[in-house]
Amino acid sequence: MKKIFYFLSISLLLLQGCSSDSSSNTSSAILCKSIKFNESDATNIRNYRDEFTYDGNKLSEVKFYYNDVLTSKSLYFYTGDLIIQIKRYNSSNQLTYLEDYTYNNSGQLIQSISYDEGILDVRKTYIYNQNGTINELEYYNYGQPQETLNSNSTFTYTNGNLVSSNVIEYDGTQVLNNQIITYLYDDKNSPFKNLNASVKFIYLNNIGNLNGFNHNIINSTETNSNPNNSNRTDNLQYLYNSDNYPTIVTSSNPNSSIVEYTY
């Protein structure tokens, strides 16, 4: 959705590793109600807004607006505290996208399968390594009998925040790109800190975001082995409210926009 925020578009949450942080003044009642941002070029300014509805600390619905017009919505479904499905509907209330989630007996995500317009699109499997990292294998299908490995990613976490990702992308059996991104965080509260743990990674994974699971990214550095992919560094600055949650975010990336959060 928001391609500007490229650096967390593949992030996921280590379910057993997302710890609470008692160092900041926070309340479990504080949840993000909306996100606003814009994109601009020489001729147009495009305004976007996401609005969130909760059941306790579980995300139940997200409505997506473009220039104040509702374009789509996502509904979230759970078994107990584990999210098992997301359904996306267009402005005509037609189902356009569905994603199913499967867990092991420890409550760790082991597979997600997405369907676009009713056709099997992407399958992801997850491996939990002894050193605490997670591998994500992403397969493309597009309704064909034979799956194609698209990427093999390794994610490293510290204190519940993603600190590095190493994504190897494939074109058939050939390595297309080896991307490494590292992240630094502030010591303040992420807008999604109090969100239900099982949905937290899925929301961030689906849209991409400036925030970690507990704190907020202040720097990301990306390097690529493929010369056609640009290396980049992005520095972020925040304004915070009295509870140390960000309200406005600006970026050193000239293609990024000002982001506003309400609670």
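The values are calculated or read from the model by the stated rules, or taken from the named source; none is laboratory data. Quick caveat: nothing in here was measured; it's all calculated off a predicted structure. Positions of Cβ are backbone-derived with ideal geometry, glycine not excepted, and every protein chain shown enters the neighbour counts. Just so you know, the surface numbers come from the protein's heavy atoms only, side chains and all, with ligands and any DNA or RNA stripped out. Shrake-Rupley method; radii C 1.70, N 1.55, O 1.52, S 1.80 Å.
Of all the residues that make up segment 11-51, how many are part of a loop (DSSP other than H, G, I, E, B), of a type in the set (A, V, I, L, M), modelled with pLDDT of 85 or more and under 18 Å from the mean Cα position of the chain (by Cα)?
Residues meeting the conditions: 1.
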Qualifying residue in segment 155-168 (condition: among the aliphatic types (A, V, I, L, M), under 24 Å from Arg232 (Cβ atoms) and in contact with a Gly (Cβ under 7 Å, 6 or more places away or on another chain)): yes
Residues of segment 106-122 satisfying the condition of being without any contact (Cβ under 8 Å) to a residue 24 or more places away in the chain, of a type outside the set (A, V, I, L, M) and open to solvent by 40 Å² or more (accessible area, probe 1.4 Å): Gln111, Tyr115, Asp116, Glu117, Gly118
Test: residue in segment 50-58 that is free of Cβ contacts under 8 Å to residues at least 60 places away in the same chain, surrounded by fewer than 17 Cβ atoms within 10 Å (Cβ to Cβ) and farther than 18 Å from Phe192 by Cα: no
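Every residue, every condition in (1) under 21 Å from Ala29 (Cα atoms); (2) modelled with pLDDT of 95 or more; (3) buried (at least 20 other Cβ atoms within 10 Å of the Cβ); (4) over 19 Å from the mean Cα position of the chain (by Cα), yes or no:
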site	(1), (2), (3), (4)
Val175	no, yes, no, yes
Phe213	yes, no, yes, no
Leu236	no, no, yes, no
Asp243	yes, yes, no, yes
Thr250	no, no, no, no
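Among the listed residues Tyr101, Tyr76, Tyr97, identify the single one that is open to solvent by 50 Å² or more (accessible area, probe 1.4 Å), in contact with a strand residue (DSSP E or B) (Cβ under 8 Å, 6 or more places away or on another chain) and either in a strand (DSSP E or B) or closer than 30 Å to Asn241 by Cα (or both).
When all the criteria are applied, what remains is Tyr97.
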Residue in segment 81-137 that is farthest from Gly160 (Cα to Cα), counting only those that are within 17 Å of the chain's Cα centre (by Cα) and of a type in the set (Gly, Ala, Ser): Ser114
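Return the only residue of Ser106, Ser91 being more than 22 Å from Tyr54 (Cβ to Cβ) and modelled with pLDDT of 95 or more.
Result of the check over Ser106, Ser91: Ser91.
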Scope segment 61-73; condition hydroxyl-bearing (Ser, Thr, Tyr) and either at pLDDT below 95 or loosely packed, with under 15 Cβ neighbours inside 10 Å (or both); matching residues: Tyr66, Thr71
Residues satisfying the stated conditions in segment 141-167, i.e. farther than 13 Å from Leu184 by Cα, modelled with pLDDT of 85 or more and surrounded by 16 or more Cβ atoms within 10 Å (Cβ to Cβ): Asn150, Ser151, Asn152, Ser153, Thr154, Phe155, Asn166, Val167
